Amino acid sequence: MKNEFELAFNEVVEQKRLPKDVILEALNAAMVSAYRRSKNASNAQHIEAEIDTETGRVSIFAEKEVVEVVEDERTEVSLEDARKVDADSEIGGMVVVETTPRNFGRVAAQTARQVIQQRIREAEREAQFEYYSKQIGEIISGVVQSTHAGGVTLGMDMKAEGIMPRNQQIRGERFRVHDRVRALLLEIKSTPRGPQIILSRAHSNFLRRLLENEVPEVYHGLVEIRSISREPGHRSKVAVSALQAGVDPVGACVGIRGVRIQAIVRELNDEKIDVIEWNPDATLYIAKSLSPARVAGVYLKDLANEAKTATVVVPEDQLSLAIGRDGQNARLAAKLTSWRIDIKSLPEAATDALYKLQNIPSYAEIAEGEAEICPQVEIILAKKTEGRPITPEEYRVLTQFVDRVEKGINKQYKVERDAEQERIQEVRSTIPDPAFKMPLEKFEVADRVFAVISEAGFQTVGDLMLQWKLDSDEILALKGMGPKGMKVLEGALDSVTYPVEEVVEETAVEEGEADIETPEVIEEVGEEAEIPSPETAVADLEEVAPKDDELEDKPAAEAEALEAEELGEEEKVLDSETEPDTIEEIVSQTPDVLEFELVDEEIEEIEGKKKKEKKKKYIEIEYDPDHDAMLVKKKRKREVQDWEKDW
């Protein structure tokens, strides 16, 4: 039958949900603290405690000095008692002996209780922090414990408490005590009083997690949530795309008769949710983002130094719907697409286009093409101003007019953008390539200036030089940069040195390969000739250039006839005495040279020795236009670099 200690120990373990080792360690620390309090022992003295979980017996062990006569029982022990524990004990040594007091007393028991509670509380806080830090960004549920001006306090698992501030609540929601609430675990902080858990129902990721829970296609990765823009309690827009063919992303999120999206709407206190299909084409994407309004045209303006702006033209009856209450629909669409959206009605867009054509000189070319239609547009706009009805055909004329003018303006923007890119490329070509490989950390400049340019987002010295040459005023406009800093930066850029890259030449050549220098230009001789392979070229050269012993054995006339027959030439080749003596003279007379760098086959040595590279031979072929003949010369690497001529 279990004793009272074991029952109490198991009850604490189950109640606190902590490992037995943690509870046991807390008990040991409590017993040591109680012993020090009851005996007034020094903190420098080593004391240990052991607890038998079956019987509940507590044993205290303290380190004491071995002496002949014991004067202080707290720190000294006699030699006789010490040798009962350690037979090798000597006077002056230290030994750990059992010093369990008979009765700790009421003060000691109270101290042990406080230490146990403190240790268990610390262990609980550590377990809570470790458990909830793994769930950041996930939905958790809790029970409302209290509501106050700062927010709502929720009770969660492991006896943890979470706080939902006012700015993280959905506007219009009211909570009562004991209500179960789901929220996103936004952040967790470690404080002396334990982990502080911040919850949110207004964050856009709360809507993202709800979609993952309600829509299996999103959870399994068949449908991807591209972007979310949300105004909690009012309206949200979600852009989704299908990652698998045949899947309707919008239909999957809405569900049959809207059953899936309605469950999310109820969770968000009847917040309206627009689900649209994401499109890589920004024009179509922006048009869909303004739903439920119908869009007549979207015209993009994306210049290098300006924010991305989209001009959206809508029918006059759709203007208020596209803008939304207090501009909410347009604001959410801008957040969703990351474009600045300018919404205009069709008459307003036609008036602006007509004004640009008539008053801005840069649009003169477009105005010439629209000269015939401009009077008709003016008449239609005058009828609109007077309040007279406009026919659908006249609306169609306005729509087509605005479309042509806006597309012509976009072409001009494209020309400006291309010109800016050419200017950037031209300036970039003047900066050495090593500058773009040199990180900003290796740039030697004053610490204050370095802090300013590093915060600006420059990654390499080349990026900094490019911005300096394009527009140095943007660097001057950086926070913390002044005229003195610009002078320091200019001096550092002028004196920058780049690390020299070591070039390692590879001498090992694989078997069967040869180093060949391919000529850039080969002059045609007679008919257009085909460039031979290295092996064919060597064989042809050996045939073209006969050996010296063959020429010596045959008479001079026969040798000359043989050469003329093999080369297919009618004229003879001049003797070596008539040829130029230096390489400079050869190059000056024959600028077009075909040079081959040939390597003999490498011989693989026995027993797996390394391959050795043989000496390289260089053969140069020249064409003599005066005599219509091919000249062959060989060159070997020697101490004196000169050409050996073989004819």
Practice problem: Spot the failing condition for Thr337; the list is (1) hydroxyl-bearing (Ser, Thr, Tyr); (2) surrounded by fewer than 17 Cβ atoms within 10 Å (Cβ to Cβ); (3) within 20 Å of Ser236 (Cα to Cα), and only one is missed. | Solution: (2)
Quiz item: Tell me, which strands (runs of 3 or more DSSP E) lie completely within the stretch 123-222 with 2 or more residues that are under 22 Å from Arg235 (Cβ atoms) and within 28 Å of the chain's Cα centre (by Cα)?
Solution: 180-191
Quiz item: Regarding Val405, is this residue modelled with pLDDT of 85 or more, touching a helix residue (DSSP H, G or I) at 6+ places or on another chain (Cβ under 6 Å) and among the β-branched types (Val, Ile, Thr)?
Solution: yes
Quiz item: What is the number of the single condition among (1) farther than 30 Å from Asp157 by Cβ; (2) modelled with pLDDT of 80 or more that Gly56 does not meet?
Solution: (2)
Quiz item: Being surrounded by fewer than 16 Cβ atoms within 10 Å (Cβ to Cβ) and of a type in the set (S, T, N, Q), is that true of even one residue in the stretch 54-69?
Solution: yes
Practice problem: Evaluate the following for Ile273: is it touching a residue at least 60 places away in the same chain (Cβ under 8 Å) and either in contact with a His (Cβ under 6 Å, 6 or more places away or on another chain) or β-branched (Val, Ile, Thr) (or both)? | Solution: yes
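Tell me the residue from Ser38, Ser78 that is in contact with a strand residue (DSSP E or B) (Cβ under 9 Å, 6 or more places away or on another chain), among the small types (Gly, Ala, Ser) and surrounded by 12 or more Cβ atoms within 10 Å (Cβ to Cβ), please.
Working: Ser38 fails: in contact with a strand residue (DSSP E or B) (Cβ under 9 Å, 6 or more places away or on another chain).
Going through Ser38, Ser78 in turn, the sole match is Ser78.
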Practice problem: Find all pairs meeting these conditions: Cβ atoms under 8 angstrom apart; at least six residues apart or on different chains; first residue within the stretch 399-425 and within 20 Å of Pro361 (Cβ to Cβ); second residue among the polar types (S, T, N, Q) and surrounded by 13 or more Cβ atoms within 10 Å (Cβ to Cβ). | Solution: Glu406/Thr311
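The values are calculated or read from the model by the stated rules, or taken from the named source; none is laboratory data. Just so you know, these numbers come straight off a predicted model, no measurement behind them. Cβ sites come from the backbone with ideal geometry, for glycine too, and all protein chains shown count toward neighbours.
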